[in-house]
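Read through the structure below, which is laid out as structure tokens, and then see the notes.
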Amino acid sequence: MQIDIQARNFSLTNALRSHTERRLRFALTCCEDHIQRVVIRLSDINGPRGGVDKHCHLQVVLAGLPDVVIEDTEADLYVAIDRATGRAGRTVGRRLARQRDTARSSDLHSTVSISQ
């Protein structure tokens, strides 16, 4: 799984990079074989003025399926990353399960019609 972390309007620290990668790998490990790339854009919308302005934009590129895009804005960037990665893991898992169910359903229908 290729991970691309981009920071806008602030410098990306090693601690923030490490935290982001660790959370992503934890959330997406079960689906890693289906993920081509993950792009994360972290930004500080208001700059030094503060406020609820730390934004995490996460895009998961899946093989053969539409991309999963998750966004979260919080006062703390670590919280935004945690929430976005957790949601991404659940969403990717659901999307892959839906694809498996659809494939099984079509296989079952083709098997039933052939045997009759």
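Compared with the dominant principal axis of the Cα atoms in the chain, helix 77-115 is inclined by about 10°. Evaluated at 10 °C with a viscosity of 1.306 mPa s, what Stokes-Einstein diffusion coefficient in µm²/s does segment 1-90 have when Rh comes from the Kirkwood expression over alpha-carbon pairs? In µm²/s, the coefficient is 121. Computed over the chain, the per-residue total of -39500 (n - 2.57) for DSSP H runs of n ≥ 4 gives a 222 nm mean residue ellipticity of -16500 deg cm²/dmol, rounded to 500.
Measuring from a point 7 Å past the Cα of residue 39 along Cα-to-C-beta, which residues in segment 53-70 have an amide N at less than 17 Å? Of the residues in segment 53-70, 56-70 have backbone N under 17 Å from the label point off residue 39. Could you state the angle between the C-alpha long axis of helix 14-28 and the longest principal axis of the C-alpha atoms of the chain, as a value from 0 to 90 degrees rounded to the nearest 10? Compared with the principal axis, the helix lies near 20 degrees.
Gyration tensor analysis over the Cα atoms of segment 8-54 returns equivalent ellipsoid semi-axes of 27, 11, 9 Å (largest first, whole Å).
No lab work stands behind these numbers, since they all come straight from the coordinates. The structure presented is a predicted model; accordingly, all values stated were derived computationally and were not measured. As a convention, Cβ positions derive from the backbone with ideal geometry for all residues, glycine included, and neighbour counts pool all protein chains shown.
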